[in-house]
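In what follows, a single structure is set out as structure tokens and then discussed.
The values are calculated or read from the model by the stated rules, or taken from the named source; none is laboratory data. Nothing here was measured: the structure is a model prediction, and the numbers come from that model. Positions of Cβ are backbone-derived with ideal geometry, glycine not excepted, and every protein chain shown enters the neighbour counts. Protein only, heavy atoms only, side chains kept; ligands, DNA and RNA dropped before computing areas. Shrake-Rupley method; radii C 1.70, N 1.55, O 1.52, S 1.80 Å.
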Amino acid sequence: MTTPAVEHYLSINSIEVIYDHVILVLKGVSLNVPKGKIVALLGANGAGKSTTLKAISNLLRAERGDVTKGSVEYKGQRIDQLSPNELVRRGVIQVMEGRHCFGHLTIEENLLTGAYTQPLSRGQLKEKLEKVYHYFPRLKTRRSSQAGYTSGGEQQMCAIGRALMAQPEMILLDEPSMGLAPQIVEEVFEIVRDLNSREGISFLLAEQNTMVALKYADFGYILENGRVVMEGDAGELRSNEDVKEFYLGLSSAGRKSFRDIKHYRRRKRWLS
Amino acid sequence: MEFFFEVLIGGLLSGVMYALVALGFVLIYKASGVFNFAQGAMVYLAALSVAGCMEKGAPLWLAVILAFVIMTLFGIATERFVLRKLVNQPPIALFMATIGLAFFIEGLAPLVFGSEPRALDLGIVDEPIPYFLDQWNMVISKFDLVAAGVASVLVATLALFFQTTRVGRALRAVADDHQAALSIGIPLQHIWAIVWGVAGFVALVAGLMWGARNGVQFALTFTALKALPVLILGGFTSVPGAIVGGLIIGASEKLAEIYIPPVLAGWFGGNFGGIEGWFPYILALLFLLVRPEGLFGERHIDRV
Ligand SMILES: Nc1ncnc2c1ncn2[C@@H]1O[C@H](COP(=O)(O)OP(=O)(O)O)[C@@H](O)[C@H]1O
Ligand SMILES: [Mg+2]
């Protein structure tokens, strides 16, 4: 499964995260994102997905969280001490859970702030904007609306578009499907796939929506209680009986055994 | 009727001066959520720097430039050595820190520049404008008019800066959601340093105007207190609010001073002078009860 030939762009090695000096949330999480791939980080609410992404982007300090063990490497270099600003300059950017658009700025102003770290001329900025509008035509029609008054889907697109303005190689995308209607979710994920294949951007995608995430991802990790409990190719995970039963709700009926009861308990934990 | 307009215009013009101080508060509060108690002290420091440099022989323009450097450095140092250490502390801790800062300035500045009150001559005479006097029989101060003009230019410049520049946009982004700003690589500390620098600049303009009008003296620090009702009226997060709030406070306190005492005296007898001193606070208090977010306070956009 782990082919040594693939270039590991981002690798996280047994990191531990503690909030408020006492709450141990990540208990040794390791994962890899190869260049040009979409990797899904799955798990129920509270499993530690967002914490993992924030640990990578060094955004935990503002929430009184600390990475106490392990390391984060990007292209072979340790990045755990870099500020978000430096990380964005190196091509790693996060789109946070809940979108976090700047509500009082227009959509276009939101996009422009995304280019803050990029030394671009006026012309280049225009070009970048057009590129984002090319991927997100909806944003173009809403370009002069205040972001706070646009729909959830538009805000999600705005947040991804804003990240694109920073010319990223790797986007950490946290819960893009949250609160969106199914067809909007598909629309967003189609664009993610497009960005991945045409722009070569790698994605680490945190999602509770296992079904959709595994449809678009190449590889997946399942996180439970701050630990990786399962990993594999997306296809493999999709056809895995446990995953089917616990996450996709597609159990093949008629196989009730002790193992299933154990699984059922696990499922309950996953879903709670 | 001329008299009414004379009082009104005089009030509006002095309101602009209040707005100038309130603006400094708004900038810092909006961008970093810190209520900067030291804004008044900064106005004092700025005026004192100008007066002090002039006393040591610098011409006005040089003194202003030097004061600008002092204020900018001071703003940046404040961010670097005080506020940065307090990131993620509760707002009250930051507020206390700015109180400490205010006392620090009020103690240190006179040591450097001397504490005796002095005049600050900007070369604008405070005399009635002949045109208004002849045509309308109104006393409108030339100085007040110039001060209002300067304030307008300052506000227009700031508005342009916020709306059209990369840093200005980043500033508004930080004010909206600093977590998100951080996540897309906007360096917060850098931005906060700029905000403090800009607030220092605004304090300088306010210090020049107030110093020239009332003299450079310790009492300048109390201009900050006059900015409070302005902020309550206008909203703590709104630049237009600071201006409109300033105008309302300025105009209403002058009108109140003229028209209310005779009424009160008629009811209760006695002397009711000096209303100007407390009227703005009463107005602000009433306003708080009716509209706590202020006239222009930013509405919280709640849609998800
Ligand atoms: N700032 C915080 N302080 C304390 N605990 C936190 C904080 N943020 C998250 N947690 C806890 O860490 C666990 C993982 O949260 P999170 O990473 O947000 O999970 P997920 O994104 O998978 O839903 C949860 O139990 C949550 O309560
Ligand atoms: Mg989450």
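Within segment A:186-198, how many residues turn out to be open to solvent by 70 Å² or more (accessible area, probe 1.4 Å) and either acidic (Asp, Glu) or closer than 20 Å to A:LEU42 by Cα (or both)?
Looking only at that region, the number is 2.
So which residues in segment B:231-271 are open to solvent by less than 60 Å² (accessible area, probe 1.4 Å) and not in a helix (DSSP H, G or I)? The answer is B:GLY235, B:THR237, B:SER238, B:GLY269. Candidates A:GLU16, A:GLU73, A:GLU86: the one that is without any contact (Cβ under 8 Å) to a residue 40 or more places away in the chain and either farther than 20 Å from A:GLU169 by Cβ or away from ligand 1 (no atom under 16 Å from the Cβ) (or both) is A:GLU86. Residues in segment A:49-77 that are more than 16 Å from A:VAL228 (Cβ to Cβ) and within 12 Å of the chain's Cα centre (by Cα) were compared, and the one that is nearest to ligand 2 (Cβ to nearest atom) is A:LYS54.
Close Cβ contacts (under 6 Å, 6 or more residues apart or on different chains) running from residues in segment B:122-133 that are under 24 Å from B:PRO59 (Cβ atoms) to residues that are aliphatic (A, V, I, L, M) comprise B:LEU122/B:ALA212; B:ILE124/B:VAL146.
Remark: pairs (first residue in segment B:214-226, modelled with pLDDT of 85 or more; second residue surrounded by 19 or more Cβ atoms within 10 Å (Cβ to Cβ) and in a loop (DSSP other than H, G, I, E, B); Cβ separation under 8 Å; 6+ apart in sequence or on different chains) = B:GLY215/B:LEU120; B:VAL216/B:LEU120.
The set of residues in segment B:148-173 that are farther than 16 Å from B:PHE201 by Cβ and away from chain A (no Cβ under 14 Å) comprises B:ALA148, B:GLY149. Restricting the search to segment A:45-54, which residues are more than 6 Å from ligand 1 (Cβ to nearest atom) and open to solvent by 10 Å² or more (accessible area, probe 1.4 Å)? Once the filter is applied, which keeps residues that are more than 6 Å from ligand 1 (Cβ to nearest atom) and open to solvent by 10 Å² or more (accessible area, probe 1.4 Å), segment A:45-54 yields only A:LYS54. Selection over segment A:169-178 of residues that are open to solvent by 20 Å² or more (accessible area, probe 1.4 Å) and within 11 Å of chain B (Cβ to nearest Cβ) gives a count of 1. Listed here are the helices (runs of 4 or more DSSP H) enclosed by segment B:102-213 that have at least 2 residues being buried (at least 23 other Cβ atoms within 10 Å of the Cβ): B:142-164, B:166-176, B:178-183. Would you confirm, using the coordinates I've provided, whether A:ARG78 is modelled with pLDDT under 95 and within 14 Å of ligand 1 (Cβ to nearest atom)? Spelling it out, it is not the case that A:ARG78 is modelled with pLDDT under 95 and within 14 Å of ligand 1 (Cβ to nearest atom).
In segment A:180-192, the residues that are touching a residue at least 24 places away in the same chain (Cβ under 8 Å) reach residues that are open to solvent by 30 Å² or more (accessible area, probe 1.4 Å) and of a type in the set (Asp, Glu) with C-beta atoms within less than 9 angstrom, at least six apart or across chains, in these pairs: A:LEU180/A:GLU187.
Can you tell me which residues in segment A:139-153 are open to solvent by 20 Å² or more (accessible area, probe 1.4 Å) and touching a helix residue (DSSP H, G or I) at 6+ places or on another chain (Cβ under 7 Å)? Those that are open to solvent by 20 Å² or more (accessible area, probe 1.4 Å) and touching a helix residue (DSSP H, G or I) at 6+ places or on another chain (Cβ under 7 Å): A:LYS140, A:ARG142, A:ARG143, A:SER144, A:SER145. Exactly one residue among B:ALA77, B:ALA93, B:ALA109 is touching a residue at least 12 places away in the same chain (Cβ under 8 Å), closer than 22 Å to B:ALA224 by Cβ and not acidic (Asp, Glu), and that residue is B:ALA109. Just a yes or no: is a residue in segment A:124-132 open to solvent by less than 10 Å² (accessible area, probe 1.4 Å) and not assigned by TED's automatic domain parsing to the domain that holds A:GLY226? Checked segment A:124-132: at least one residue is open to solvent by less than 10 Å² (accessible area, probe 1.4 Å) and not assigned by TED's automatic domain parsing to the domain that holds A:GLY226.
Going by the conditions given, is B:ASN271 closer than 20 Å to B:ALA151 by Cβ and free of Cβ contacts under 8 Å to residues at least 12 places away in the same chain? No, not satisfied.
Of everything in segment A:143-199 that is assigned to a loop (DSSP other than H, G, I, E, B) and of a type in the set (A, V, I, L, M, F, W, C), the residue that is farthest from A:THR113 (Cα to Cα) is A:ALA181. Within segment A:25-41, work out how many residues are more than 9 Å from ligand 1 (Cβ to nearest atom) and either of a type outside the set (Lys, Arg) or in contact with a helix residue (DSSP H, G or I) (Cβ under 6 Å, 6 or more places away or on another chain) (or both). Residues that pass the stated criteria total 11.
Can you tell me which condition A:ASP80 does not meet? The list is (1) buried (at least 21 other Cβ atoms within 10 Å of the Cβ); (2) more than 14 Å from ligand 2 (Cβ to nearest atom); (3) within 19 Å of the chain's Cα centre (by Cα), and all the others hold. A:ASP80 satisfies all of (1) buried (at least 21 other Cβ atoms within 10 Å of the Cβ); (2) more than 14 Å from ligand 2 (Cβ to nearest atom); (3) within 19 Å of the chain's Cα centre (by Cα) except (1).
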